[in-house]
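As structure tokens, the structure follows; a few thoughts come after it.
The values are calculated or read from the model by the stated rules, or taken from the named source; none is laboratory data. Computed from a predicted model, the values in this text were never measured in an experiment. FYI the Cβ positions are ideal-geometry reconstructions off the backbone, even for glycines, and counts take in every protein chain you see.
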């Protein structure tokens with residue numbers, strides 16, 4: 001997630017840039033301090049795990065294996081919420097979304113196209129059911145709390161597809177007010193933070209398998225960086241499944257935004273989409289996350305058998321290190337005070353939203369995995 | 001001051017494509033064994 005500072009009263013186009021842009025400066029050197037900080041926090045997280053395990057073993061403690069993912073996020077959180085993140089680090093730290101994309105593209109080598117098609121197809125059904133049920137409930141809850149129709153739409157888009165990216169993509173299309181966009185983002189961020197820390201222990205408590213948990217995280221957690229972190233907090237295998245399911249969700253962004261844009265345009269409250277299938281296809285393509293193509297391309301190369309063992313190992317290594325920088329970025333961009341300042345209503349809607357989305361998606365995962373026996377044999 | 005043509009072209013490509021292209025370059029370097037080996 002990107003917990004960026006948003007003032008509901010700000011009304012200009014720069015908001016969009018600060019909410020979503022990965023590359024915020026035209027000068028390459030501006031990125032250096034922040035990227036070094038990401039590396040430092042990530043490496044510190046990695047060594048903290050090793051240190052923790054060594055100390056626990058040495059003193060015969062029975063302690064949970066606190067993964068490097070959690071350490072990197074916690075160290076990042078500690079820095080941002082105590083001394084704060086100096087603006088010199090900001091451009092580099094915001095590249096964590098880029099490292100996430102690098103990690104996902106490289107992860108393509110760990111999946112054969114057949115598995116992607118199979119999991120993509122099964123998770124697509126789950127995503128559509130989840131979106132319909134959870135989206136409807138969120139629209140009803142938002143209305144019950146007196147939130148505007150467009151804020152309800154933004155929350156439904158954010159929770160059903162991919163969090164902040166989807167909200168930003170929908171912002172212009174449904175001509176939402178900046179205040180609504182800020183509230184929706186705050187709610188999604190709060191939801192992501194709660195999900196990140198709540199889902200992995202819950203998954204262990206319920207006794208989910210790696211596959212089931214990966215599916216659950218991919219369906220229930222909204223921002224791709226947090227989905228990845230949540231999955232990897234459970235296990236490496238769960239992390240990979242979560243990334244794949246989330247990428248399928250991300251691929252649907254254009255369709256969902258188009259649906260809401262058409263709804264609001266029909267009510268005369270958004271710009272009309274040009275008539276014809278070609279214009280709608282162009283709209284969907286414009287919103288399509290292009291890194292999914294990179295993931296598929298690398299997977300196709302791996303499926304064709306063009307990668308040696310050494311090359312596949314190199315890609316796995318790149319993926320792990322890139323994700324480590326992402327997790328450091330998640331912690332460094334999460335300002336708890338900012339989330340708290342946004343007000344109680346988006347937070348309540350977020351908690352209800354999380355509970356609804358997590359329950360519906362868990363029900364779907366258990367139904368499809370334990371009753372219908374859908375899934376991968378991996 | 002006028003924006004140079006190349007700068008306008010870079011901006012038109014968009015963040016998402018840039019991130020994907022750069023990711024592709026890093027992946028290609030890893031496949032070519034040209035990245036420093038940092039053990040996990």
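Structure data summary
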item	result
Residue selected from the range A:128-148 under the condition modelled with pLDDT of 85 or more and under 19 Å from residue A:369 (Cα atoms), by the criterion farthest from the other protein chains (Cβ to nearest Cβ)	A:129
Check on residue A:361, touching a helix residue (DSSP H, G or I) at 6+ places or on another chain (Cβ under 7 Å), facing chain B (nearest Cβ under 10 Å) and either at pLDDT 90 or above or part of a helix (DSSP H, G or I) (or both)	no
Leading residue by the ranking (nearest to residue A:97 (Cα to Cα)) among those in the range B:22-40 that are more than 8 Å from chain A (Cβ to nearest Cβ) and part of a helix (DSSP H, G or I)	B:25
In the range A:139-163, the residues that are under 24 Å from residue B:16 (Cα atoms) and not in a helix (DSSP H, G or I)	A:161, A:162
Residue list for the range A:302-311, restricted to those being more than 9 Å from every other protein chain (Cβ to nearest Cβ) and in contact (Cβ under 8 Å) with a residue 40 or more places away in the chain	A:302, A:303
Failed condition for residue A:374, given (1) under 30 Å from residue A:114 (Cβ atoms); (2) modelled with pLDDT of 85 or more; (3) in contact with a helix residue (DSSP H, G or I) (Cβ under 7 Å, 6 or more places away or on another chain)	(2)
The listed residue being part of a helix (DSSP H, G or I), out of contact with any strand residue (DSSP E or B) (no Cβ under 7 Å at 6 or more places or on another chain) and over 24 Å from residue A:96 (Cα atoms), out of A:166, A:179, A:193, A:198	A:179
Failed item in (1) surrounded by fewer than 17 Cβ atoms within 10 Å (Cβ to Cβ); (2) touching a residue at least 60 places away in the same chain (Cβ under 8 Å); (3) farther than 24 Å from residue A:131 by Cα, with residue A:279 passing the rest	(2)
The one condition in (1) in contact with a helix residue (DSSP H, G or I) (Cβ under 9 Å, 6 or more places away or on another chain); (2) away from every other protein chain (no Cβ under 13 Å); (3) more than 18 Å from residue A:172 (Cα to Cα) that residue A:261 fails to fulfil	(3)
Residue list for the range A:348-358, restricted to those being more than 18 Å from the chain's Cα centre (by Cα) and modelled with pLDDT under 75	A:349
Qualifying helices (runs of 4 or more DSSP H) (wholly inside the range A:18-136; at least 1 residues being farther than 29 Å from residue B:31 by Cα)	A:32-58, A:68-82, A:90-93
Filter result for the condition that a residue is buried (at least 24 other Cβ atoms within 10 Å of the Cβ) and more than 14 Å from chain B (Cβ to nearest Cβ), over A:71, A:99	A:71
Members of the range A:34-43 found to be more than 12 Å from chain B (Cβ to nearest Cβ) and surrounded by fewer than 17 Cβ atoms within 10 Å (Cβ to Cβ), listed by number	A:36, A:40
Residue match in the range A:317-329 (condition: away from chain B (no Cβ under 14 Å), crowded, with 22+ Cβ neighbours inside 10 Å, touching a residue at least 40 places away in the same chain (Cβ under 8 Å) and not in a helix (DSSP H, G or I))	no
The range A:288-298, subset at pLDDT 90 or above and either within 17 Å of the chain's Cα centre (by Cα) or more than 9 Å from every other protein chain (Cβ to nearest Cβ) (or both), residue surrounded by the most Cβ atoms within 10 Å (Cβ to Cβ)	A:295
